Amino acid sequence: VPVALWVLQAPHGTLFGIVQAREFWHSPLIPPHFASLALVVGTAIVMLLAILTSKLGQRELVSRGTLSHMGKLLAFFITVTLFFDFFDFLILSYLPTPEKMEYLNILTGSYAPFVALYIGGLFVALLILLKWGRTIKGLSVASSLIVVAVAAYRYYFVIVGQLVPLVPGLQGVPEVRYSPTGIEMIVTAGIVALVMLLYTVLTRVLPMGENIHEGER
């Protein structure tokens, strides 16, 4: 966790936060927001993989008590992330410049479904964890919803930040716009498939879950 936060996620968020030309990204809250979001989606993926591995392998990989404890941590991480999200939108809407107004119009217009999926997904997942956080079904549904919600956030965060022209109306300067290409999507899917293949192989080779009850005692 420290390596993921301090070596990967916080510096990753800093790369966006220091871009002064893009007001949608330029904020000191982006690095800690990326770190808290990494804790959310990382915990959700670990829980989901543990549940699926136990179900498919017909063996208890981790105890229900461990999963319940992770669910409580996940609820706390979601609360912290929503705290950052609130101030992200507050800063974006405060004393709006023409660029900020255009970002808000995009977020509340064509990209509103992605924003609703992200914020709504985290809220619903939090409610599920608070009410059914001790059940395997509740943890599975909440974790799956979080993965989808964070994927929606990552998509609109990167895309919307590049939709507003840097120098609008200037002749001879083409507008820079970006959208994922088919090749990029295929490469991403290949990386995910490779990681899942390695995980599947390692769960078959390593002695996972054999001494769980002895460790708890």
Residue among T97, T81, T108 that is of a type in the set (V, I, T), free of Cβ contacts under 8 Å to residues at least 60 places away in the same chain and out of contact with any helix residue (DSSP H, G or I) (no Cβ under 6 Å at 6 or more places or on another chain): T108
Somewhere in region 16-24, is a residue under 20 Å from L74 (Cβ atoms) and modelled with pLDDT of 90 or more? no
For A10, indicate whether it is open to solvent by less than 50 Å² (accessible area, probe 1.4 Å) and on the phi < 0 side of the Ramachandran plot. yes
Read through the list (1) among the hydrophobic types (A, V, I, L, M, F, W, C); (2) touching a Leu at 6+ places or on another chain (Cβ under 8 Å); (3) at pLDDT 85 or above; (4) farther than 18 Å from L48 by Cβ, then give the number of the only condition that V176 fails. (3)
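With the requirement that a residue be part of a helix (DSSP H, G or I) and either touching a residue at least 40 places away in the same chain (Cβ under 8 Å) or among the basic types (K, R) (or both), what does region 111-137 give you?
Of everything in region 111-137, those that are part of a helix (DSSP H, G or I) and either touching a residue at least 40 places away in the same chain (Cβ under 8 Å) or among the basic types (K, R) (or both) turn out to be F114, V115, L122, F123, A125, L126, L129, L130, K131, I136, K137.
In a helix (DSSP H, G or I), free of Cβ contacts under 8 Å to residues at least 12 places away in the same chain and closer than 25 Å to Y155 by Cβ - does that describe any residue in region 28-42?
Scanning region 28-42, I find no residue that is in a helix (DSSP H, G or I), free of Cβ contacts under 8 Å to residues at least 12 places away in the same chain and closer than 25 Å to Y155 by Cβ, so the answer is no.
Which residues, counting only those in region 44-56, are open to solvent by less than 40 Å² (accessible area, probe 1.4 Å) and at pLDDT below 95? Write out each step before concluding.
Narrowing region 44-56 to residues open to solvent by less than 40 Å² (accessible area, probe 1.4 Å): 44, 47-48, 50-51, 53-54.
Hits for region 44-56 are M47, L48, A50, I51, T53, S54.
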Is one or more of the residues making up region 125-134 among the β-branched types (V, I, T) and either in contact with a Leu (Cβ under 7 Å, 6 or more places away or on another chain) or open to solvent by less than 40 Å² (accessible area, probe 1.4 Å) (or both)? yes
Taking region 28-43 as the region of interest, how many residues are surrounded by fewer than 20 Cβ atoms within 10 Å (Cβ to Cβ) and within 23 Å of E102 (Cβ to Cβ)? 2
Confirm whether S93 is surrounded by 14 or more Cβ atoms within 10 Å (Cβ to Cβ), out of contact with any His (no Cβ under 9 Å at 6 or more places or on another chain) and of a type in the set (S, T, Y). no
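The values are calculated or read from the model by the stated rules, or taken from the named source; none is laboratory data. Owing to the predicted nature of the structure, the values given are computational and were not obtained by experimental measurement. Methodologically, a virtual Cβ is constructed for each residue, glycine included, from the backbone with ideal geometry; neighbour enumeration extends over all protein chains shown. Accessible surface is based on the protein model in full, side chains and every heavy atom, while ligands, DNA and RNA are left aside. Shrake-Rupley method; radii C 1.70, N 1.55, O 1.52, S 1.80 Å.
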